[in-house]
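The values are calculated or read from the model by the stated rules, or taken from the named source; none is laboratory data. Predicted model only: the values in this text are computed from it and were never measured. Here the Cβ positions follow ideal geometry from the backbone for every residue, glycine too, while neighbour counts run over all protein chains shown. We work out accessible area using only protein heavy atoms, side chains counted, and drop any ligands, DNA or RNA first. Shrake-Rupley method; radii C 1.70, N 1.55, O 1.52, S 1.80 Å.
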Amino acid sequence: MANHQNSANGWSKPSDQRTTGKVITCKAAVVWGPGQPFVMEQVQVDPPQKLEVRIKILFTSICHTDLSAWQGENEAQRAFPRILGHEASGIVESVGEGVKDMKEGDRVIPIFNGECGDCKCCKSEKTNICHNFGVNPFKKVMNNDGTSRFSTKDGKPIYHFLNTSTFSEYTVLESACVVKIDPEAPLKKMTMLSCGVSTGVGAAWNTANVQAASTVAIFGLGSVGLAVAEGARARGASKIIGVDINPDKFIKGQAMGVTDFINPDEPGKPLHERIREITDGGVDYSFECIGNLDVLREAFLSTHEGWGFTVVLGIHPTPKMLPLHPMELFHGRGIIGSVFGGFKGKSQLPHFAQECMHGVVDLDKFITHELPFEKINDAFQLLIEGKSLRCVLQL
């Protein structure tokens, strides 16, 4: 195993154990097939090539996207053996040729939705999509040469995941998918910005642009939904309605700013009618965070005629289509999808990280469990049972 010093406050590479330019052998949680337990393996991690970065992961957490990929829910996206994980924080171990914005020792966050800075989308202020390194669940190798930087001890490739693969002590990413943050940033908390919190808060701030004194309905109070609530609270929303079948979520939601709770399983009028009744005609903004088309329709209809705006955050299975009739859009309601909360990762996330450091968003509330890396199977079970928002694993 690679020799290193590791702590919550930083990491330093021993001077007599230089790893730059060399293959590193380290520990990773490898999944060999759909739903099979994660196995702690000694894997080989190649040095970074041109415009790539190798980082030492210090903290990683688990998201429902990891759960779906592990279970192989989408057969077309399956690729095994694979190193999953996309929420993390760490330290740059070495950089490849041409990397100018990072150096060894920098504190960084990996991002699944990269920002190359050169493509047409990156140059536009209207989107955070990146043509070259945007989120791609089908991608399993590096762009440079179409191969993996991970392999077993006998040389067989292990596939990448979502531009990141953070369930490993070391990982290699394209530099477009690595964000340098404040050197004083607390890395354990910063892990939350790799996916869930940025996605939810950004959906409220960037995609919907929630205004002060407005009304909001959030369908699904998992980590992303609660991050939406936190973002709406920070913007001064007057009413934040949380919708979930688990009453325990309201307790957690209250700490994030949720003012009202509706359990759709309780008998009564259709959900959207209940919401319209308590908001004088409907909410200004609704957020669908589940990936269920019936829920999406309720979210859309719960908004106010004339200006209501629905943001889709849930991941929906193919080949299902929107549950709307085109004529329903003539009532003035709008609907849009949001990726990574509309944040341009490399250019905008460092400022968001500083805002979090100053308390604009309380990241501590999202970390409900902490376990050592070796307990990753237990961490997934916590998520499956609905007991955790985010379980942080320390490597």
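Tabulated data for the structure shown
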| item | result |
| --- | --- |
| Gaussian network model of the chain, Cα within-10 Å springs - most flexible of Gly341, Gly257, Gly146 | Gly146 |
| Per principal axis, descending, Cα span of the chain in whole Å | 68, 40, 36 |
| The chain - charge dipole about Cα centre, Lys and Arg +1 at Cβ, Asp and Glu -1, debye rounded to 20 | 820 |
| Rounded accessible area per residue of the chain, 1.4 Å, Å² | 42 |
| Net lengthening on full extension, Gln381/Glu125 (0.36 nm per residue, minus Cα-Cα) | 88.2 nm |
| Top of Val228, Val201, Val312 by mean-square fluctuation, Gaussian network on the chain, Cα under 10 Å | Val312 |
| Label-reachable residues, region 280-299, where backbone N falls under 18 Å from a point 7 Å from Gln211's Cα toward its Cβ | 280-287 |
| Area projected by the alpha carbon convex hull of region 335-378, averaged over all directions, nm² | 5.5 |
| Antiparallel %, DSSP beta bridges [both residues in the chain], to 5 | 60 |
| For region 237-256 versus region 77-137, the gap between their alpha-carbon centres in whole angstrom | 33 |
| Largest to smallest principal axis extent of the C-alpha atoms in region 197-339, angstrom | 38, 35, 32 |
| Distance in nm between pseudo-label sites at Phe330 and Asp260 (7 Å out along the Cβ direction from Cα) | 3.0 |
| Accessible carbon and sulfur surface of region 35-99 relative to its total accessible area, %, 1.4 Å | 45 |
| Partners for Lys249 among lysines (Cα-Cα distance below 20 Å; same-chain residues under 8 apart left out) | Lys239, Lys365, Lys387 |
| Out-of-range pairs (alpha-carbon distance over 24 Å; input Lys100/Lys346; Lys103/Lys189; Lys50/Lys188; Lys252/Lys344; Lys22/Lys123) | Lys50/Lys188; Lys252/Lys344; Lys22/Lys123 |
| Extension gain (nm, one decimal) between Asp182 and Glu104, 0.36 nm per residue minus Cα-Cα | 26.6 nm |
| Estimated FRET transfer efficiency when R0 is 25 angstrom, pair Thr147-Glu75 (beta carbons, to 0.05) | 0.60 |
| Residue-averaged [θ]222 nm for the chain, counting only DSSP H segments that reach four residues, each worth -39500 (n - 2.57) | -5500 deg cm²/dmol |
| C-alpha center-to-center spacing [region 350-394, region 311-325] in angstrom | 27 |
| Carbon/sulfur fraction of accessible area - region 197-339, other protein chains in place, 1.4 Å, % | 57 |
| In region 329-392, GluC sites (Glu not before Pro) in a DSSP loop with at most 14 other beta-carbon atoms within 10 Å | Glu385 |
| Pair Met40, Asp118: separation of 7 Å Cα→Cβ label points (nm) | 4.1 |
| Low-density loop positions, chymotrypsin sites (Phe, Trp or Tyr not before Pro), region 314-395 - DSSP coil, at most 16 other Cβ in 10 Å | none |
| Residue with peak Gaussian network fluctuation, the chain [Cα springs, cutoff 10 Å], from Lys252, Lys50, Lys100 | Lys100 |
